[in-house]
1. Where the centre of each part is set by its Cα atoms, how far does region 24-73 sit from region 87-113, in angstrom?
2. Hey, rough spin-label estimate for N129 and T98, points 7 angstrom out along Cα→Cβ, what's it come to in nanometres?
3. Can you check what the net charge comes to around L75, using other residues whose Cβ is under 10 Å from the Cβ of L75 (Lys, Arg +1; Asp, Glu -1)?
4. Note down the net charge around L19, summing +1 for each Lys or Arg and -1 for each Asp or Glu among other residues with Cβ under 13 Å from its Cβ.
5. I'd like to compare 65-77, 8-20: which one has the highest average count of other Cβ atoms within 10 Å, and what's the full order after that?
6. Using a cut-off of 13 Å between beta-carbons, work out the net charge of the residues near T134 (Lys and Arg +1, Asp and Glu -1, T134 not included).
7. State, to one decimal in nm, how far the label point of S73 lies from the label point of E15, with both points 7 Å from Cα in the Cβ direction.
8. Just the Cα atoms of region 71-119, one point each, no solvent: what log10 I(q)/I(0) does Debye give at q = 0.21, 0.24, 0.27 Å⁻¹?
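Just so it is clear, none of the values below were taken in a lab; they were calculated from the coordinates. Just so we're clear, the structure is a prediction, and the values are computed from it rather than from any experiment. Heads up, the Cβs are rebuilt from the backbone with ideal geometry, glycines too, and the neighbour counts pull from every protein chain shown.
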Amino acid sequence: MFRIGFGYDVHRLVEGRPLILGGVEITYPFGLEGHSDADVLTHAIIDAIIGALGAGDIGQHFPDTDPRYKGVSSLSMLRTVMALVKGDGYRLNNLDATITAQAPKLAPQLSNMRERLAQVLEASVAQVNVKATTSEGLGFCGKREGMEAFAVVSLVKAE
């Protein structure tokens with residue numbers, strides 16, 4: 001038996017915050033605004049996994065009104081979600097994710113993101129795919145006002 005989930009997240013770019021994507025800090029003069037570390041990629045992945053479990057959405061599990069999540073690492077949130085996956089008797093089959101950002105160039109960091117995420121997802125790097133694209137200068141991502149991420153996961157019954 002398997003389950004599939006889709007996730008999406010978006011955050012505004014602001015000065016004075018670190019840029020964290022897939023648990024990796026990226027050198028860039030702007031970071032993403034949010035209650036936690038605002039890791040847009042990890043948030044999309046979390047939402048996809050929660051969706052695959054049929055367990056609501058990221059906001060229900062980690063509300064931005066809860067002070068416990070102020071500045072928290074999104075990878076720690078992902079670890080919590082993976083405990084739910086294991087508790088339901090599943091494991092990650094695969095993940096495919098895309099980040100949309102006009103800048104900075106993310107290609108040099110994609111393998112680091114894959115490795116970090118695979119570790120937390122208790123999966124091989126081959127089961128985790130992360131891509132980056134631009135929006136060709138269109139929309140809020142193209143104007144460098146924010147970033148968005150999309151994720152699709154499949155979960156399978158653990159053996």
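1. When both Cα centres are located, 14 Å separates them.
2. Here the answer is 1.1 nm between the modelled labels.
3. Around L75, the surrounding residues sum to 0.
4. Combined, the nearby Lys, Arg, Asp and Glu give -1.
5. Highest mean packing first, the order is 8-20, 65-77.
6. Taking every Cβ under 13 Å from that of T134, the sum is +2.
7. Taking the two extended label points, one gets 2.9 nm.
8. -0.93, -1.07, -1.16
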